[in-house]
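Computed from the coordinates by the stated procedures, all read-outs in this text should not be read as laboratory data. Computed from a predicted model, the values in this text were never measured in an experiment. Cβ sites come from the backbone with ideal geometry, for glycine too, and all protein chains shown count toward neighbours.
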Ligand SMILES: Cc1cc2nc3c(=O)[nH]c(=O)nc-3n(C[C@H](O)[C@H](O)[C@H](O)COP(=O)(O)OP(=O)(O)OC[C@H]3O[C@@H](n4cnc5c(N)ncnc54)[C@H](O)[C@@H]3O)c2cc1C
């Protein structure tokens, strides 16, 4: 459900913030010491003991099917939930099941849209809710949100895909917010978006543009031809989409090389350095004798650009 690119980046982001992450670790023992808590975990590398001020247990969720009379009325279920068809009908006429108890998405918005679809069906309204396309958000810092296929899922299905990423570091609004960590990743299949994965500011809000695009089968061109306001975080979505065909406008330069002052020859500044203000100002800081020249150069660039 979450693209592995994002889990890798989140892991390194959390580690940078000082978090220690143990994966494939089964908590085996938990005790209260005089001052703290002590958790013992079995990991592939052996037993690990972690001391902490607080312990948060997050052990997953499952459908609760006990004690609601399913056996009495003959509704089929197993430990994964109540069995339903695409209309949320159980095997017993007039008994429907929606939400967590079906063991499907286990998300609030999925449950409520299951419910809407069932009521629409009972009322003989046409229901076109795409119940298979459910955005999934993780409310962490930075936020994570995804919808549609991950790159791994697409590859497992042998789909021919095209992938593009746009970093928030090149998005004006993200920079102004001081939250430029992360990116928008889009996956294209046959000219249409098949998956959108976001890590960054307001990811849980931004994901709906991707959800709408996938749901309504918008083409990459449809998105490219839709004007997005500037400066907004949504521009990162358009840029990522444009990037599918190498048409992104504000891509971060691939390499931000620090020009060594010793080797720095002003007349050899290439086009790339000329368009990269960071490099110019980096040089300012590093070598005072070039300052005046460089500041003039910067002004020149500014004049040229605007
Ligand atoms: C800590 C936590 C955080 C979560 N955060 C998010 C989140 O950020 N976003 C998100 O999308 N989802 C989140 N979820 C999941 C979300 O809450 C569920 O997916 C959603 O509530 C499922 O809706 P539901 O209607 O299927 O079940 P429920 O919301 O559990 O509703 C079932 C209802 O049935 C009632 N009931 C049970 N037995 C009987 C009975 N015998 N007779 C009559 N009534 C009965 C219950 O009292 C309850 O009101 C979170 C869940 C938890 C536990």
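Note on residue 79 and residue 91: the extension gain reaches 2.7 nm, defined as 0.36 nm multiplied by sequence separation minus the Cα-Cα distance. Treating r as the C-beta distance of residue 2 and residue 32 and R0 as 30 Å, the FRET efficiency rounds to 0.35.
At a 10 angstrom cut-off on C-beta neighbours, averaged per residue, how do the peptides 21-31, 232-242, 160-170 rank from highest to lowest? Working shown, then result.
Values: 21-31: 11.4, 232-242: 23.3, 160-170: 18.5.
Result, highest mean Cβ count within 10 Å first: 232-242, 160-170, 21-31.
In plain terms, if you count all Cα to Cα distances in the range 8-129 and split them into 5 Å steps from zero, the share in each step is 2, 9, 14, 13, 12, 9, 9, 10, 10, 8, 4, 1, 0 percent.
Applying 1/(1 + (r/R0)^6) with R0 = 30 Å to the Cβ-Cβ distance of residue 50 and residue 106 gives a FRET efficiency near 0.60.
Name the shape class, rounded, prolate or oblate, that the alpha-carbon gyration tensor gives for the range 4-52, where a ≥ b ≥ c are the square roots of its eigenvalues, rounded holds for a/c under 1.5, and otherwise prolate holds if a/b is larger than b/c and oblate otherwise. Oblate shape, in that a/c is at least 1.5 and b/c is the bigger or equal ratio.
As a rough guide to protection, the peptides 221-228, 122-129 ranked by mean Cβ packing within 10 Å, highest first, stand as 221-228, 122-129. Taking 0.36 nm per residue of sequence separation and removing the Cα-Cα distance, the residue 222/residue 124 pair yields an extension gain of 31.9 nm. Taking label positions 7 Å along the Cα-Cβ direction at both residue 246 and residue 116, the computed distance is 4.2 nm, reported to one decimal. In the range 1-112, Cα pairs under 8 Å separated by at least six residues give a relative contact order of 13 percent.
For the range 148-245, averaging the sequence separation of C-alpha pairs within contact (under 8 Å, six or more residues apart) and dividing by the residue count gives a relative contact order of 31 percent. Ordering 171-184, 101-114, 60-73 by mean Cβ neighbour count within 10 Å, with the highest value first, yields 171-184, 101-114, 60-73.
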